[in-house]
Amino acid sequence: MLRKMLEKDRKRLRRKVHIRKRIAGTAERPRMTVTKSNRRISVQVIDDVKGHTLISASTLEKELRGIKATVAGAGQLGEIAGKRMVDKNIKTVVFDRNGYLYHGIVKALADGTRKAGIEF
């Protein structure tokens, strides 16, 4: 089982590097990256030119701890992140799935962000 987990992580990291070679965030169109585990989901919007995180939303935040790491919870977190982006006048982003497959939680988070009015 340990060997299988290491192989799974290795494949994800390889996909991540391949994706990051092609995409980068700017001030006009920052990069929205997703990080997930079995218990937590996190979203960051990053300006790669300056190296600053513009907004973040995570289930580790005190007011968002009730959100579970499920498809429904990811949709809620995506809407919250989208509202925070609208408050900061961010209308378009580049979506960085961080090596995760665009399926389930990652897809629900992207759809929730789109529901809040963010384009990508």
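The values are calculated or read from the model by the stated rules, or taken from the named source; none is laboratory data. Not measured: the values here are computed from a predicted model. Note: ideal-geometry Cβ built from the backbone for every residue, glycine included; neighbour counts use all protein chains shown.
Overview of values
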quantity	calculated
Number of the exception - residue 48 against (1) modelled with pLDDT of 95 or more; (2) touching a Gly at 6+ places or on another chain (Cβ under 8 Å); (3) among the charged types (D, E, K, R)	(1)
The stretch 91-120, residues that are crowded, with 19+ Cβ neighbours inside 10 Å, more than 17 Å from residue 28 (Cα to Cα), aliphatic (A, V, I, L, M) and touching a helix residue (DSSP H, G or I) at 6+ places or on another chain (Cβ under 6 Å)	105, 108, 109
Residue match in the stretch 105-119 (condition: over 19 Å from residue 46 (Cβ atoms) and not in a helix (DSSP H, G or I))	yes
Residue selected from the stretch 37-82 under the condition out of contact with any strand residue (DSSP E or B) (no Cβ under 8 Å at 6 or more places or on another chain) and of a type in the set (Ser, Thr, Tyr), by the criterion surrounded by the fewest Cβ atoms within 10 Å (Cβ to Cβ)	37
Positions within the stretch 11-28 being in contact (Cβ under 8 Å) with a residue 40 or more places away in the chain and either surrounded by 17 or more Cβ atoms within 10 Å (Cβ to Cβ) or hydroxyl-bearing (Ser, Thr, Tyr) (or both), in sequence order	25
Residue match in the stretch 68-86 (condition: of a type in the set (Asp, Glu), in a helix (DSSP H, G or I), modelled with pLDDT of 95 or more and closer than 19 Å to residue 116 by Cβ)	yes
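Residues checked against (1) touching a residue at least 60 places away in the same chain (Cβ under 8 Å); (2) touching a strand residue (DSSP E or B) at 6+ places or on another chain (Cβ under 7 Å):
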| site | (1), (2) |
| --- | --- |
| 85 | no, yes |
| 89 | no, no |
| 95 | yes, yes |
| 106 | yes, yes |
| 117 | no, no |
